[in-house]
C-alpha cells in the first residue's frame, strides 16, 4: 500500500509509529481474547451458529491488524462486525427458520422433546397399589400417607413442593407427626388435618395431585387405593418411535412430530427442518391464503395511496406557495412542517385518541355539526380511510420540503421559452414541471414507497391491523399489511406463535423488497456511483 | 380610449392577484389548522384537569398543571426514567453510529481494495430489509449473548444499542461516502507527501470538513433511534429500563381514555426535544432529506 506510512522521513517518526502500532496490536489482542472467551462460552452453551459468527469476527479483526495488505479493513471492521451480527446473521437465521417448523409445540430440540414425552405418565388401572390416608393444611397443602403390600409405609408431599424432602418415613415426633394408628398412619400431623374417608373421597383436588419424587410418583386411584404412576410412552431409539404403554399405539417421527397412523400427534414435537412445507401451506391453505390475498392487495393500495396523497398535497403546497412574491412563506413553512417534527409514534397515538369512535374529538364534532358518527375502528373501509388520512398528515410535510427544493432547481429559462411558445400555466405544469420533478425526486418516491410498504408502526399502533377478518384462521385484520401480519403470526397468533411460517412470509417479503430496492438503485445511479473512481 | 382599456386591464389583473392572494391565505389557514389541530388538542388535553378523553374540551375549564404533576408522581409509569433512558440510548447510539460510519466511509472513499464495490452494494441492499422481520432472530441472538455476557444481552441498554448499531451501516455510509468523494484527494496526497499517515489525514484533514454531513446524519440517527419502538419493546421487558416511546405505547394500551390528560402531558414532553431540533435545524435536515434519507 503506497499510503501506508510509506514516506516517513525520520527515525523519530518511525519509532513513534512503531510504538503506536505496538499499542494497536496490544488492543487488538485484548479484544480478541475477550471475544475468544465469549466464543468459548457460547460454544459451551451449545449456541453453535452464533459461535461461528464470533469466530468469523475474531478472524476479521486479526486479519485487519496483522496482514498489511488488508490493513484498510481496520477502518471497517468494527462496523462490519456489528453488521454481520445484527443484520446478516438475523437474515440468514430467518431464511433458515422458513424451512423449519419452529414455533409453538416445536420450540425445543429432539433430545429435550424425547425427555419431556418420556416424563409423561399415566395411572395404571391395575398394578402395584397402596393403602392411603390424606392430610390437608389450612393453606390447602396436602400430605399422603401410604402403605404397600409389604407393610412398609411412608409419607409423601406433592411433587411440586420445594425445599423440603418430598418423601419421609413415619417416625412419631419428627416432621410434626403425632401418635400413629393401628395401620401405622399418623393420627395427627402438626399443621395438617387428617381427612376422613368421606371428606377425602369428595375432595376435588386430591385425585389430581401427584405425590412423591418426580421419578416415583404416586396418585390416588380410588377411595381405597393409590398407585404408582408409570411412564406413558416408551422411546425406541433404534427406529426413533414412541410406544404408548397403555394402549400400544406406535408414534412415528414425521418431520419433528411423533405421529400415529391415525394422525394423532404427541406434544411436544421438536424443531426440525421441514423443507418447503411452510411455503406450500402459504400457497394452498384457504384459511391462510384468504387473508393473505386481502393483506397483500391492501399493502400495495396503502403504499401507493400514501405516496400519491402525500406527494400531491406536498407538491400542491410547494407550487402554490413557492412563488417568491408570496409573503409569509417562512412562517407558513414552520407551521406546516409541525406534523413532521413530532415522533410518528406519538402522532399515531394522538390520532388514535382523536378518532376514537365513541369519545374522540373528531366524532364529537361530526356528531354535533353533521349528525354522523363514523366507526373508524370497526368498519373496514372507514378504518382504511382513517389510516390513509393519518398517514397523509404524517407524510406531506416531507414532500413539501423535498419538492420545493427540487422546484427551485428547475431553470427558469425553460418556463420563459414555454411562455413564448404560448403554453398555458396548466400545460407548463404537466409538460415541464412534473416530468423534470419526477426525474429528480423519483428515487425518493421509490424510497418512500418502500418505507410505507413496511410502515409497521402506523398499522400496528393505530388499531393493530383491525378490524379482524372473520374468515381468517390466523390473527389478521383489514388494515394489516404484510409486515404487521408477520409480526402477529410470530408473536400473537391465535394458533400459537409460528416462527417458521412467519419466517417463510418474511423471506417472500425480503424478495419483494429486494426487487423494489434494486429498481430504486438503478434509478438513482447508485450502482454507478459505487463503482466510480474519484 | 386605448388608455382607458389599459387601465381596466391593470385593475382586473390587480384584482385577480388580490383574489388569488386571498384564496391562498384561506387555503393556508385550512392547511395550518389541519397541521396543528392535533398539537393544539394535545396541549389543551395536557392542561385540562378532567384527564378524560370523553369529556375533554378544546378550551379547558380550570386549566392547570395537574396532569404534569401526576406524571412526575406516578410510580407505576416512571415517565422521566423512560425519557432519560431514551435520551441516553439515542445519544450513545448516535455517537457510535457516527464513528463507525465515518471510518467505514473513509475506507470506501479513499482506499481501493478488492471487493470494495460488492461490499458496498451488499451493505446498501441489506439495509433495505426492515430488521423488524428478523425480530425473532434478534431476540434470540440477544438472549444468547446475554447468557454469556450479561451486560450486552436482553433487558440491557447495551444490548439494545448493539442491535441498533447493527443497522447503522447502510444509507449513512452511503451519504457519508458521497460527501467524502466531493473532497479532493489532492489534499490527502499532499499530506501523505508531508509524512502524515492515514489516521492523521482522516483525523486532522477530512474530519473537520465533514461537519455539515455529520450534523445531518447525527440528527437523523438521533431522531430515528429516539422514535424507534418495536425493537426496544421486544428486547426490554423491565419497566424501569424501557424507552419513552415504549412507555407511551404501553400507557395507551390500557384504559387510556381515562388517563388521556396524563398521556397528553407525557406525549408533549416526549415530543418537545425532537420538535425543537427540527425547527431550529430545518435547513440542514432538509438537505439530508433530499439526499435520500427517509424518516424512520
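Considering the range B:136-150, the residues that are more than 7 Å from every other protein chain (Cβ to nearest Cβ) and touching a residue at least 24 places away in the same chain (Cβ under 8 Å) include one that is surrounded by the fewest Cβ atoms within 10 Å (Cβ to Cβ), namely B:139.
If you go through the range B:232-257 one residue at a time, how many are more than 10 Å from every other protein chain (Cβ to nearest Cβ) and either out of contact with any helix residue (DSSP H, G or I) (no Cβ under 7 Å at 6 or more places or on another chain) or over 18 Å from residue B:73 (Cβ atoms) (or both)? Total satisfying the criteria: 13. Tell me whether the range A:93-105 contains one or more residues that are within 30 Å of residue A:20 (Cα to Cα) and within 7 Å of another protein chain (Cβ to nearest Cβ). For the range A:93-105, residues within 30 Å of residue A:20 (Cα to Cα) and within 7 Å of another protein chain (Cβ to nearest Cβ): absent. For the range A:474-482, the criterion of being modelled with pLDDT of 80 or more, within 13 Å of chain B (Cβ to nearest Cβ) and either under 27 Å from residue B:176 (Cα atoms) or part of a loop (DSSP other than H, G, I, E, B) (or both) is met by at least one residue. Per the listing A:50, A:80, A:73, the residue uniquely touching a residue at least 24 places away in the same chain (Cβ under 8 Å), over 30 Å from residue A:283 (Cα atoms) and within 12 Å of another protein chain (Cβ to nearest Cβ) is A:50. Within the range B:99-110, is even one residue in contact (Cβ under 8 Å) with a residue 40 or more places away in the chain, at the interface with chain A (Cβ under 9 Å from one of its Cβ atoms), touching a helix residue (DSSP H, G or I) at 6+ places or on another chain (Cβ under 9 Å) and under 19 Å from residue B:236 (Cβ atoms)? For the range B:99-110, residues in contact (Cβ under 8 Å) with a residue 40 or more places away in the chain, at the interface with chain A (Cβ under 9 Å from one of its Cβ atoms), touching a helix residue (DSSP H, G or I) at 6+ places or on another chain (Cβ under 9 Å) and under 19 Å from residue B:236 (Cβ atoms): absent.
The single residue among B:153, B:170, B:178, B:158 that is in contact with a helix residue (DSSP H, G or I) (Cβ under 6 Å, 6 or more places away or on another chain) and closer than 18 Å to residue B:220 by Cα turns out to be B:170. The single condition from (1) closer than 30 Å to residue B:234 by Cβ; (2) buried (at least 16 other Cβ atoms within 10 Å of the Cβ) that residue A:470 fails is (2). Return the residues of the range A:234-266 that are under 17 Å from residue A:105 (Cβ atoms), outside any strand (DSSP E or B) and more than 23 Å from the chain's Cα centre (by Cα); say none if nothing qualifies. Correct list: A:255, A:260, A:263, A:264, A:266. Note on the range B:118-129: residues that are within 10 Å of residue A:91 (Cα to Cα) and surrounded by 20 or more Cβ atoms within 10 Å (Cβ to Cβ) amount to 1.
Candidates A:292, A:307, A:359, A:316: the one that is touching a residue at least 24 places away in the same chain (Cβ under 8 Å) and within 14 Å of chain B (Cβ to nearest Cβ) is A:307.
Give the residues of the range B:269-281 that are more than 9 Å from every other protein chain (Cβ to nearest Cβ) and in a helix (DSSP H, G or I), sorted by residue number.
Of the range B:269-281, the ones more than 9 Å from every other protein chain (Cβ to nearest Cβ) are B:269, B:272-273, B:280-281.
Correct list: B:269, B:272, B:273, B:280.
Kindly indicate whether residue B:293 is facing another protein chain (nearest Cβ under 9 Å) and at pLDDT 90 or above. No, not satisfied. Of all residues in the range B:153-172, those that are on the phi > 0 side of the Ramachandran plot have Cβ atoms under 8 Å from Cβ atoms of residues that are in a helix (DSSP H, G or I), 6 or more apart or on another chain, in B:155/B:146; B:155/B:235; B:155/B:241; B:170/B:123; B:170/B:124; B:170/B:126; B:170/B:127.
Evaluate the following for residue A:510: is it in contact with a helix residue (DSSP H, G or I) (Cβ under 9 Å, 6 or more places away or on another chain) and more than 7 Å from chain B (Cβ to nearest Cβ)? For residue A:510, the condition - in contact with a helix residue (DSSP H, G or I) (Cβ under 9 Å, 6 or more places away or on another chain) and more than 7 Å from chain B (Cβ to nearest Cβ) - is not met. Selection of the range B:200-231 for residues being under 30 Å from residue B:74 (Cα atoms) and either surrounded by fewer than 20 Cβ atoms within 10 Å (Cβ to Cβ) or in contact (Cβ under 8 Å) with a residue 60 or more places away in the chain (or both) yields B:222, B:223, B:224, B:225, B:226, B:227, B:228, B:230, B:231. The numbered conditions (1) more than 30 Å from residue A:270 (Cβ to Cβ); (2) surrounded by 14 or more Cβ atoms within 10 Å (Cβ to Cβ); (3) modelled with pLDDT under 90 are all true for residue A:82 except (3). Filtered by the rule that a residue be in contact with a helix residue (DSSP H, G or I) (Cβ under 9 Å, 6 or more places away or on another chain) and either outside the structural domain of residue A:84 (by TED's automatic domain parsing) or not in a helix (DSSP H, G or I) (or both), the range A:32-68 gives A:47, A:67. Restricted to the range A:293-364, the set of helices (runs of 4 or more DSSP H) holding at least 2 residues that are within 35 Å of the chain's Cα centre (by Cα) and more than 22 Å from residue A:449 (Cβ to Cβ) comprises A:338-341, A:344-354. Of the residues making up the range A:333-360, those that are surrounded by fewer than 21 Cβ atoms within 10 Å (Cβ to Cβ) and touching a helix residue (DSSP H, G or I) at 6+ places or on another chain (Cβ under 6 Å) are A:335, A:338, A:352, A:357, A:359. Residue check: is residue A:444 facing chain B (nearest Cβ under 8 Å), surrounded by 17 or more Cβ atoms within 10 Å (Cβ to Cβ) and either modelled with pLDDT under 85 or part of a loop (DSSP other than H, G, I, E, B) (or both)? Yes: the conditions hold for residue A:444.
Going residue by residue through the range B:173-194, is there one that turns out to be within 23 Å of residue B:134 (Cβ to Cβ) and at pLDDT below 85? Looking for residues that are within 23 Å of residue B:134 (Cβ to Cβ) and at pLDDT below 85, one finds at least one in the range B:173-194, hence yes.
The values are calculated or read from the model by the stated rules, or taken from the named source; none is laboratory data. Predicted, not measured: the structure shown is a model, and the values here were computed from it. Ideal geometry is used to build each Cβ from the backbone, glycine not excepted, and the neighbour counts take in all protein chains shown.
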